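Q: Encoded as structure tokens, here's the structure I'll be asking about.
The values are calculated or read from the model by the stated rules, or taken from the named source; none is laboratory data. What you see is a predicted model, and the numbers here were worked out from it, not measured in a lab. Backbone-built Cβ (ideal geometry, glycine too); neighbour counts: all protein chains shown. Calculation scope for accessible area: heavy atoms of the full protein, side chains included, ligands and nucleic acids excluded. Shrake-Rupley method; radii C 1.70, N 1.55, O 1.52, S 1.80 Å.
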Amino acid sequence: MCRFIRFAALLLAALAVAGCTRLAYMNASLAYEQATPLIAWTVDGYVDLNAGQKEWLHARLDRAMAWHREQELPAYGRFLASVAERSGRAFSDEEVAAAWRDVREDYRRVVEHILPDAADFMLSLDASQLAHLERRFAADNRKFVKESTRGTPEERGARIAKRAAGHLHEWIGELEPAQRAIVDRWAASLPPLTEERLADRRYRQSEAIALARTHDRARIVAGLRRLLLDTDTWRTPQVREKLRLRERATLHMVAVLSGTLTAAQRARLQRRLHGYMQDITRLASSR
């Protein structure tokens, strides 16, 4: 829930996250309006909610969004303002890395806030719903493998670069050839992670289902915190190093690219940032 605003804020920091969605390109007001039904619809597809669970989930999501609006949005507005002030020049590697740390802290705060609700929801799932969830996870993993292994390594790198260029287009417009070359080199340099990402997915999925079957709220909260936040406790040193290298390469690419923006691209970026700031102001005043 928090990522779509702050990822959008720091030039192209959305690239640091492979899961950037179209929600990042909505205005904040529309994103807030759509968050509860969109999340509820997604969850329903995974566990086949009954009427009582749907009502409960909508109420808890509305409550979480209200908390987020009151507690998190003011900080986002200040962040956006600081980025807008500096967007007329290149960002340094240190600035991009600092912003990414802020993003991670945002994520941690939101996850910590919703962990009790997540645990209560998992306690409500019956055996048939957990079985449905397992089948959906398996189907998702098959799709992930199919998409991630399609084509040669070069073709897969080209797809990563194309997706990245598409996200960038939303913020700064069409890339210049030299800028696209920067993105292409970045994508080609990334160490492969398909096997590791699949292992992560399967581990998190199996552990989450096992936690739900314990019917122990405290254990579920602690387990989800470990799976979602304390990932270094269960990832191997080799995987942690690969992820560190990918993150460092991505943040460096963002910094390098920020120094190549044309006047028109910077103007478009600033309009995007100010648009988010206006959305946040409207949301904050409507509490």
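Q: Please report the Cα spread of the range 160-233 along all three principal axes, rounded to whole Å, starting with the longest.
A: Cα spread of the range 160-233 along its principal axes, largest to smallest: 55, 25, 17 Å.
Q: Which value does Rg/Rh take for the range 21-102 over its C-alpha atoms, Rh per Kirkwood?
A: Using Cα coordinates only, the ratio equals 1.12.
Q: While we're looking at this one, here's another question. Beta carbons within 10 angstrom, averaged per residue: use that to sort the peptides 139-146, 266-273, highest first.
A: With the highest mean Cβ count within 10 Å placed first, the list reads 266-273, 139-146.
Q: Springs between alpha-carbon pairs under 10 angstrom, Gaussian network model over the chain: which of A81, A212, A264 fluctuates most?
A: A264
Q: Could you please state, rounded to a whole Å, how far the C-alpha centre of the range 35-94 is from the C-alpha centre of the range 100-116?
A: About 11 Å separates the Cα centre of the range 35-94 from the one of the range 100-116.
Q: Along the Cα→Cβ direction, 7 angstrom out, place labels at R266 and T233. What is the inter-label distance in nm?
A: 4.6 nm
Q: Against the longest principal axis of the chain, how steep is helix 217-228, in degrees 0 to 90 to the nearest 10, with axes from Cα atoms?
A: 30 degrees
Q: So, counting K/R as plus one and D/E as minus one, what does the shell of residues with Cβ under 12 Å around R226 add up to?
A: +1
Q: Same structure again: Looking only at A164, A90, A138, which one moves most when the chain is put into a Gaussian network model with springs between Cα atoms under 10 Å?
A: Fluctuation is largest for A138.
Q: Using every alpha carbon pair in the range 187-287, what percent of pairs falls into each 10 Å bin from 0 up to the bin containing the largest distance?
A: Answer for the range 187-287: a P(r) of 12, 24, 21, 29, 13, 1 percent.
Q: Sequence gap of 8 or more, or different chains, plus Cα separation below 26 Å: how many lysine pairs satisfy both in the chain?
A: The result is 5.
Q: Using a probe of 1.4 angstrom, how much of the accessible area of the chain is carbon and sulfur, in percent?
A: 55 percent
Q: Residue by residue through the range 112-127, what is 3J(HN,Hα) from phi via Karplus (6.51 cos²θ - 1.76 cosθ + 1.60, θ = phi - 60°)? Round to whole Hz and write x for glycine and proline.
A: So the J values, rounded to whole Hz, are 4, 5, 8, 4, x, 5, 4, 5, 4, 4, 5, 5, 7, 7, 8, 4.
Q: Something else: So what's the back-of-envelope 222 nm ellipticity for the chain, counting only DSSP H runs of four-plus at -39500 (n - 2.57) apiece and dividing by all residues, rounded to 500?
A: Dividing the helical sum by the residues of the chain leaves -26500 deg cm²/dmol.
Q: What's the local net charge at D126, with K and R +1, D and E -1, over the other residues with C-beta under 11 Å away?
A: 0
Q: Oh, and also: Compute the helix-to-body angle for 237-258: its Cα long axis versus the longest principal axis of the chain, expressed 0 to 90° and rounded to tens.
A: 40 degrees
Q: Rounded if a/c is under 1.5, else prolate if a/b is larger than b/c, else oblate: which is the chain, with a ≥ b ≥ c the root eigenvalues of its Cα gyration tensor?
A: oblate
Q: Using DSSP to define loop residues, name the chymotrypsin sites (Phe, Trp or Tyr not before Pro) in the range 56-91 whose beta-carbon has at most 13 other beta-carbon atoms within 10 Å.
A: Passing both the DSSP loop test and the Cβ count: no residue.
Q: Further, regarding this structure: For the range 74-222, what is Rg from Cα atoms divided by 2.2 N^0.38 Å, rounded to two decimals?
A: 1.38
Q: Send over a whole-number figure in Å² for the accessible area per residue of the chain, probe 1.4 Å.
A: For the chain, the per-residue accessible area is 52 Å².
Q: Moving on. Using alpha carbons only, how many degrees (0 to 90, rounded to 10) separate the axis of helix 177-189 from the longest principal axis of the chain?
A: 40 degrees
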